[in-house]
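Below is one structure, written out as structure tokens; the observations come after it.
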Amino acid sequence: MSRASAVVAVGQTYHSARRLDVSIPEMVREAVDRCLASKELTFASIDAVVVGNMELFEGINMPEQWMVAALGGAGKPIYKLNTGGTVGASVAVMCDYLVRSGLHDVVMGIGYEKQSEGETQSAITTVGDPVWERSVMAGAIGNFAVMASTYVRMSGVTPEQAAKVAVKARRNACLNPFAHLKIPDLTVEEVVSSRVLAEPVRLLDMCPQSDGACAVVFAAEELAPKLTRRPAWVVATATAHDQQYMGDSPARLAEMRSLQAASEVAYAKAGITDPLRDLDVAEIYEPATYAELAMYENLRFCGKGEGGKLIDQGVTEIDGPLPVNPSGGVLATNPVGATALIRVAEAALQVMGEAGDHQIRGANTALATGYGGNAWTEIVILRGDL
């Protein structure tokens with residue numbers, strides 16, 4: 001019989017471009033220790049561990065065995081996932097499933113990446129079709145440039161509107177002590193004049209490569225209120241896939257089919273009919289500025305072609321009607337294996353009232369998304385009351 005689960009504890013590392021001071025297990029242990037200490041938990045409190053990262057990035061297979069001590073998993077069940085960029089959200093969904101099913105009472109989810117010790121772009125290139133895609137859509141930038149150019153044509157979004165997303169993200173990050181890129185005085189003009197990576201994407205339109213880790217604890221309904229003052233209850237999760245092949249649908253940023261499908265399922269479960277009205281805050285997986293604007297539309301925060309209008313009106317600013325990524329989002333911090341779990345963690349912190357200087361007053365319902373490989377979406381909706 002299904003039971004409710006809730007996020008009760010969150011911990012992150014201080015994210016940066018290069019964590020030269022720690023090994024990967026040491027970096028992971030920082031997040032784990034910070035998570036446990038936030039609620040006076042110990043490894044004895046944890047029944048099972050779910051860990052996720054992009055194994056190909058660092059070239060280390062079966063990392064759950066290599067660093068079992070850092071994960072706190074010795075003698076316990078450990079579940080390992082790799083679902084691309086969305087892996088952190090997949091970790092969160094699996095933690096929820098394990099608790100909700102009754103298999104475990106308290107589960108810790110962990111995501112991490114040390115991109116400074118890996119080869120990110122080469123690994124991403126191997127995702128593409130070896131004959132038709134790899135030579136023209138190498139890496140994340142090439143993929144997003146193709147999708148962004150099509151989205152611009154279909155929506156009419158301007159470089160200046162996309163730049164406002166970058167400005168918002170890096171400014172919000174200044175309120176988040178764990179964020180990587182913090183640029184308080186970044187201007188639209190600086191974004192649109194930054195170096196072109198692949199039209200229409202410029203350097204400041206893209207997310208960084210970060211080293212970091214995140215840990216989140218999920219607990220069953222009978223235990224959660226004993227472990228934290230205000231649990232972040234999981235009221236809905238959803239997963240959806242789409243075809244990976246780039247040539248199959250060139251409009252994939254304008255029509256993010258897996259994001260549409262997963263969000264509609266999650267909205268129905270959570271009783272959300274008008275996301276702009278019913279959500280208090282959103283932490284979405286936006287690896288590029290144009291992606292965030294497209295996601296506004298695909299998540300039904302606005303109508304088709306109105307993503308640019310939404311950012312112009314300040315709707316998604318930290319003091320707007322629906323703050324999006326008050327933490328700074330992916331544009332500020334991107335340790336890929338942890339990135340989507342950070343979205344869930346930050347959404348949980350908002351609901352728990354523990355987000356510090358970037359706390360949204362009165363936040364009760366929060367959305368978190370993971371988006372990987374342009375074909376896999378995870379949605380998690382958290383609420384302060386059941």
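Wholly within segment 47-166, which helices (runs of 4 or more DSSP H) include no fewer than the required count, namely at least 2 residues that are of a type in the set (G, A, S) and at pLDDT below 85?
Filter on segment 47-166 gives 120-125, 139-155.
Can you name the residue in segment 198-220 that is charged (D, E, K, R) and buried (at least 17 other Cβ atoms within 10 Å of the Cβ) and is also farthest from V87 (Cα to Cα) among such residues?
Here the residue is R202.
Show me the helices (runs of 4 or more DSSP H) found entirely inside segment 191-290 where at least 2 residues are at pLDDT below 95, closer than 21 Å to T150 by Cβ and not β-branched (V, I, T).
Helices (runs of 4 or more DSSP H) meeting the threshold: 257-270.
Looking at segment 246-260, I want the residues that are basic (K, R) and have a partner that is at pLDDT below 90 and in a loop (DSSP other than H, G, I, E, B) with Cβ atoms under 6 Å, at least 6 apart or on another chain. Which pairs are those?
Filtered contacts from segment 246-260: R252/N374; R257/D242.
Only one of A347, A368, A332 is assigned to a helix (DSSP H, G or I), under 14 Å from the mean Cα position of the chain (by Cα) and within 29 Å of R18 (Cα to Cα); which?
Of the residues listed, the single one that is assigned to a helix (DSSP H, G or I), under 14 Å from the mean Cα position of the chain (by Cα) and within 29 Å of R18 (Cα to Cα) is A347.
For segment 253-265, which residues satisfy the criterion of being more than 20 Å from M154 (Cα to Cα) and buried (at least 24 other Cβ atoms within 10 Å of the Cβ)?
A262, S263
Return the pairs, sorted by first residue and then second, in which the second residue is assigned to a helix (DSSP H, G or I) and crowded, with 20+ Cβ neighbours inside 10 Å, the first residue lies in segment 141-153 and is among the aromatic types (F, W, Y), the beta carbons are less than 9 Å apart, and the residues are 6+ apart or on different chains.
Sorted first by the residue in segment 141-153, then by its partner, the pairs are F144/D205; F144/Y290; F144/A291; Y151/Y290; Y151/A291; Y151/L293; Y151/A294; Y151/G307.
Identify, by number, the condition in (1) surrounded by 18 or more Cβ atoms within 10 Å (Cβ to Cβ); (2) touching a Ser or Thr at 6+ places or on another chain (Cβ under 7 Å) that R134 doesn't meet.
(1) is the only condition that R134 fails.
The values are calculated or read from the model by the stated rules, or taken from the named source; none is laboratory data. Every value quoted in this text rests on a predicted model; they were computed, and no experiment measured them. Neighbour counts are summed over all protein chains in view; Cβ atoms, including those assigned to glycine, are modelled from backbone coordinates with ideal geometry.
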